[in-house]
Amino acid sequence: MHGAGDNPSAWVARWAPQMPSGEVLDLACGGGRHARLLATLGHPVLAVDRDEQALAQAAGPGITTLHHDLEAEGSAWPFAPGRFTGIVVTNYLYRPLFEHLANALAPGGILVYETFALGNERFGKPSNPAFLLAPGELLDVAARHRLPVVAYEDGIVDTPRPARVQRLCALGPGGDPGTIRLDM
């Protein structure tokens with residue numbers, strides 16, 4: 001999210017209104033564009049980032065910030081299983097967190113994930129394959145953790161800048177995709 005401006009991702013904006021009431025996690029929140037969107041929808045939001053300056057920008061009504069580096073050696077996942085009715089992750093990839101994200105999602109909660117994929121290197125950074133999703137990787141994560149997939153996209157976007165991305169909207173354990181509106 002760093003440098004992506006203050007406009008929420010269209011992908012996040014599409015699915016956020018369907019998140020069940022309850023606490024939502026904005027992981028690697030950057031300046032808080034999604035935290036603000038989620039707060040305006042009435043969710044208490046926990047905005048987490050390792051960048052204290054970004055967290056200062058993210059702070060606001062309905063938003064609690066947490067300075068935490070989940071990639072630091074010895075850093076433990078600080079959230080209880082089933083805590084969040086929604087989890088938003090954009091423009092961030094740290095694969096060891098996938099299992100924790102799945103476990104932290106409440107039954108029927110919504111995970112909205114959008115980040116860069118292989119092929120993005122032709123558009124600029126990130127270009128290191130360690131920070132780019134492999135083909136179908138988000139689908140594999142959802143399947144591995146039994147998260148029903150509502151929507152998935154893999155391709156090129158033009159805004160906020162040209163990039164190759166993967167996007168996933170999946171439900172928490174026991175979620176029923178038949179309860180999600182696709183035409184919103």
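Summary of computed values
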{"item": "Near pairs, Cβ below 7 angstrom, 6+ apart or cross-chain, from region 60-74 (exposed (fewer than 13 other Cβ atoms within 10 Å of the Cβ)) to any residue that is assigned to a strand (DSSP E or B) and not acidic (Asp, Glu)", "result": "none"}
{"item": "Members of region 15-48 that are among the small types (Gly, Ala, Ser) and either touching a residue at least 60 places away in the same chain (Cβ under 8 Å) or part of a helix (DSSP H, G or I) (or both)", "result": "Ala16, Ser21, Gly22, Ala28, Gly30, Ala35, Ala39"}
{"item": "Candidate set from region 62-78 (those that are among the small types (Gly, Ala, Ser) and over 20 Å from Phe131 (Cα atoms)); member that is modelled with the lowest pLDDT", "result": "Gly74"}
{"item": "Criterion violated by Ile110 - all others in (1) surrounded by 18 or more Cβ atoms within 10 Å (Cβ to Cβ); (2) part of a loop (DSSP other than H, G, I, E, B) satisfied", "result": "(2)"}
{"item": "Candidate set from region 5-22 (those that are under 15 Å from Leu105 (Cβ atoms) and out of contact with any Ser or Thr (no Cβ under 7 Å at 6 or more places or on another chain)); member that is surrounded by the most Cβ atoms within 10 Å (Cβ to Cβ)", "result": "Trp15"}
{"item": "Given (1) crowded, with 21+ Cβ neighbours inside 10 Å; (2) at positive phi, index of the condition Ala35 fails", "result": "(2)"}
{"item": "Unique match (being farther than 22 Å from Ala13 by Cα and not acidic (Asp, Glu)) among Pro61, Pro78", "result": "Pro78"}
{"item": "Any hit, region 41-54, residues being more than 30 Å from Ser127 (Cβ to Cβ), over 12 Å from the mean Cα position of the chain (by Cα) and loosely packed, with under 14 Cβ neighbours inside 10 Å", "result": "yes"}
{"item": "Residue pairs meeting the criteria (Cβ under 6 Å; at least 6 apart or on separate chains; first closer than 19 Å to Glu23 by Cα, in region 85-99; second among the basic types (Lys, Arg) and surrounded by fewer than 19 Cβ atoms within 10 Å (Cβ to Cβ))", "result": "none"}
{"item": "Selection status of Leu27, touching a strand residue (DSSP E or B) at 6+ places or on another chain (Cβ under 9 Å), surrounded by 14 or more Cβ atoms within 10 Å (Cβ to Cβ) and within 17 Å of Arg167 (Cα to Cα)", "result": "yes"}
{"item": "Pair list, Cβ under 6 Å, 6 or more apart: region 150-179 residue in contact (Cβ under 8 Å) with a residue 12 or more places away in the chain and in a strand (DSSP E or B), other residue among the basic types (Lys, Arg) and buried (at least 21 other Cβ atoms within 10 Å of the Cβ)", "result": "Glu153/Arg167"}
{"item": "Pairs where the first residue, in region 109-130, is closer than 25 Å to Pro177 by Cα and at pLDDT 95 or above and the second is aromatic (Phe, Trp, Tyr) and in a strand (DSSP E or B), C-beta under 8 Å, 6+ apart", "result": "Gly109/Phe84"}
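The values are calculated or read from the model by the stated rules, or taken from the named source; none is laboratory data. These numbers come from a predicted model, not from an experiment. Cβ: placed from backbone, ideal geometry, glycine included. Neighbour counts: every protein chain shown.
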